[in-house]
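Everything below concerns the one structure shown next.
The values are calculated or read from the model by the stated rules, or taken from the named source; none is laboratory data. Everything numeric in this text was worked out from a predicted model, so none of it was measured. Reconstructed Cβ throughout: ideal geometry from the backbone, glycine too, with neighbour counts over all protein chains shown.
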């Protein structure tokens, strides 16, 4: 199994964002994982049929935290899908196709329903009243 190249913002953990290959240290330092947090994590596992996609999820969480515009959200979601596909392709095996289908479901979930999580970090609390 080859280790896939995952991509993250150039200053992953810092601002501003421009994209480059994420180092192992950056991935290891990333907080979070898959799922919305709390009880919701029970329904969104950090692995897809035995393959951990935590690095892809952590990079996505970071990009949501520091993103500011609708274009940032789109880039974050597309990078998330791209990173999961890279992880799955690098692992290969007979579970590749089912894993890709599940990864597409993860992507569609954040694409369609991730707006509230993304914009929660963009708007000041007083703006949300």
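Things worth noting here:
- The stretch 108-129, subset assigned to a loop (DSSP other than H, G, I, E, B) and more than 15 Å from residue 37 (Cα to Cα), residue modelled with the lowest pLDDT: 129
- Among the residues of the stretch 28-81, the ones that are more than 21 Å from residue 122 (Cβ to Cβ) and in a loop (DSSP other than H, G, I, E, B) come to 9 in all.
- Some residue of the stretch 47-57 being over 14 Å from residue 106 (Cα atoms), modelled with pLDDT of 85 or more and surrounded by fewer than 14 Cβ atoms within 10 Å (Cβ to Cβ): yes
- Across the stretch 59-79, a minimum of one residue is classified as farther than 18 Å from residue 105 by Cβ, crowded, with 20+ Cβ neighbours inside 10 Å, at pLDDT 75 or above and out of contact with any helix residue (DSSP H, G or I) (no Cβ under 7 Å at 6 or more places or on another chain).
- Applying a threshold of 6 Å to beta carbon distances and a minimum spacing of six or more residues, or different chains, the list of pairs starting in the stretch 57-82 at a residue that is at positive phi and ending at one that is buried (at least 19 other Cβ atoms within 10 Å of the Cβ) and outside any helix (DSSP H, G or I) is empty.
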